[in-house]
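What follows is a set of notes on a single structure, which appears directly below.
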Amino acid sequence: MTKKPSCLVVDDETDIRELLVLTLERMGIASDSAANVDDAKFMLSKGQYSLCLTDMRLPDGNGLDLVKHIGNHHSGLPVAVITAYGSAENAVSALKAGAFDYLTKPISLNQLRPLVQSALKLNESVAAPANDLTLIGESSPIKQVRSMIEKLARSQAPVYISGESGSGKELAARLIHLNSSRREGPFIAVNCGALPENLMESEFFGYKKGAIPGTDHDKVGIFQAANGGTLFLDEVADLPLAMQVKLLRAIQDKKIRMVGDTHEENIDVRIISATHRNLSQMMESGKFRQDLYYRLNVIELKMPALRERQEDIPLLARNLLETHCKQADMPLPRLGSDALDVLKQYPYPGNVRELENILERALALCDGKTITTDDLLLEQEALTPAVSMTEPVDSKGLALPDYLENIEKTAILNALERTRHNKTEAAKLLGVSFRTLRYRLSKLGLGKDQDD
Ligand SMILES: Nc1ncnc2c1ncn2[C@@H]1O[C@H](COP(=O)(O)OP(=O)(O)OP(=O)(O)O)[C@@H](O)[C@H]1O
Ligand SMILES: [Mg+2]
């Protein structure tokens, strides 16, 4: 049985109400309208709506009250607020209060249409996404993350995912996308630390031909590629300040301008950002713009470190081993109980990714039947940090700069070794940006490499 979708429009200005009702009608949506909070509450209690659009300022209250009322009494009904142009704070507080999205005045059809379509999709019964991405674990922190992901998937609010390296930030971002009304749209992940600074603007927004010397065709940017879907800004702390301003405008106005273009175009992109760094600290020290921080961090999802959910380690280890053996088409060895004890005790600075790496290495080293403590190579690793700070310095007759260079080289090589030469991950382990690592590598003559 298909029922015509219906919308409740709440605005005290007759003109806007009528315009919205008419526009929605043309989209095949029946609407009722209300001019104040009280009427709206009454109509909500009577009707079965698929969406509510409400103005922020109403004669007897504000849109936020209505958003909260809907959250409490009609949970599951998507509500979007209409905010005055330039009142970014309103949009942010509405999203925090549970609004699924917002529109800025003057209302443009190009923004209304995708918003309404997204809202209607939320009411469709969701078939479990056809892939095997899952967040493994039964500990209470991971259960909380799972239920948060479900909630976030029903909203268009920007989400900021924090958490240590390898704790599953990207996995969480993908799951939010796959469970959202945008699931059929693209999911584009960008490592902000890996984009060359001088090309950043054209990478994000695209360029018109000729705008960049030597170009003979237009090129779309990351935002256009992510249109209708989700843009995952990974390592967002690595964005240079100049780019932060431009990004803020794009997010706030939902509009972008290609390099060399005079026109702006609308974009419909949900932003999820992440970094393993402490963004609020960076903001306090002036390295990250406060306004962008508040825009990105409307809702924060914290990924717990693996050592905070030790009880998940056996389940994770078994699952990871199974997946790997299946992929490599090899028999699944037993995980010895001593080995499991050691795995449970290890602190995992690199979290789940490190556990994955340890297990893959163990699979290669073990006798094929049982993974033993020795195969994990963990004792040595835990006992031999890259540089021991407690040992007396013995520069072995080297001049200080050479000695320091040696230490740096060792630390870098160690990090590369531990991450199987994945520079992005190695940079994180070392606590430097991808750009910095690349620079240090070439400076130390560790040179040209495969995965730039
Ligand atoms: N709860 C989990 N269940 C299953 N696999 C997980 C879980 N958490 C993380 N992983 C796996 O661990 C690896 C690292 O996860 P992911 O790339 O999402 O981490 P990250 O937080 O983005 O790391 P980084 O800070 O290094 O970018 C991936 O292979 C991911 O699938
Ligand atoms: Mg990541």
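Please treat every number below as a calculation from the coordinates, not as lab data. It should be emphasised that the depicted structure is a prediction, and the values quoted were computed from it without experimental measurement. No Cβ is skipped: glycine too gets one built from the backbone with ideal geometry, and neighbour counts run over all protein chains shown.
Explain nothing, just compute: Karplus ³J(HN,Hα) = 6.51 cos²θ - 1.76 cosθ + 1.60, θ = phi - 60°, for every residue of the stretch 305-315 in order, whole Hz, x for Gly and Pro.
6, 4, 5, 8, 9, 3, 5, 7, 4, x, 4
Taking the dipole about the Cα centre of the chain, with the C-beta of Lys and Arg at +1 and of Asp and Glu at -1, give me whichever of 294, 399, 333 is farthest to the positive side.
294
Restricting to Cα pairs below 8 Å that are 6+ residues apart, what does the relative contact order work out to for the chain? Please round to a whole percent.
12
Counting other beta carbons within 10 Å of each Cβ, put 258, 243 in order, fewest first.
Arranged by neighbour count, lowest to highest, 258, 243 become 243, 258.
Go through 147, 247, 442 and say which Cα lies farthest out towards the positive end of the charge dipole of the chain; charges sit on Cβ, +1 for Lys and Arg, -1 for Asp and Glu.
Of the listed residues, the answer is 247.
Which ³J(HN,Hα) values in Hz, rounded to whole numbers, follow from the phi angles of the stretch 51-58 under the Karplus curve 6.51 cos²θ - 1.76 cosθ + 1.60, where θ = phi - 60° and Gly and Pro get x?
Using θ = phi - 60°, the values come out as 6, 10, 10, 10, 5, 7, 9, 10 Hz.
In Å and on Cα atoms, what radius of gyration and Dmax does the chain show?
Every Cα atom of the chain included, Rg and Dmax give 25.7, 85 Å.
With a sphere of radius 15 Å drawn around the Cβ of residue 283, what net charge do the other residues whose Cβ falls strictly inside it have (Lys, Arg +1; Asp, Glu -1)?
0
Out of residues 5 or more away from residue 206 or on other chains, whose amide H comes under 5 Å of its own, with H placed 1.01 Å from N in the peptide plane?
Correct list: 221, 222, 259.
So who's got an amide H within less than 5 Å of the one on residue 33, skipping anything under 5 residues away but keeping other chains? H placed 1.01 Å off N, in plane.
9
Mean residue ellipticity at 222 nm from the helices of the chain, using -39,500 (n - 2.57) per DSSP H segment of n ≥ 4 over the full residue count, to the nearest 500 deg cm²/dmol?
Value at 222 nm, helices only, nearest 500: -13500 deg cm²/dmol.
Cα atoms only: what Rg and Dmax, in Å, come out for the stretch 306-383?
Using the Cα atoms of the stretch 306-383, the pair Rg, Dmax is 11.5, 34 Å.
To the nearest 10 degrees, how steep is helix 14-26 against the longest Cα principal axis of the chain, on a 0 to 90 scale?
With rounding to tens, the tilt is 70 degrees.
Among bridges DSSP assigns within the chain, what percent are antiparallel (round to 5)?
10
Could you go through the stretch 264-273 in sequence order and give the Karplus-derived ³J(HN,Hα) for each residue, using 6.51 cos²θ - 1.76 cosθ + 1.60 with θ = phi - 60°, rounded to whole Hz, and x for Gly and Pro?
In residue order, the calculated couplings are 9, 10, 6, 9, 10, 9, 8, 9, 10, 10 Hz.
What does the charge count around residue 37 come to, taking other residues whose C-beta lies under 12 Å from its C-beta (Lys +1, Arg +1, Asp -1, Glu -1)?
Neighbourhood net charge equals -4.
Search the structure for amide H atoms under 5 Å from the amide H of residue 301, placed 1.01 Å from N in the peptide plane, and list their residues when 5 or more places away or on another chain.
160, 161, 162
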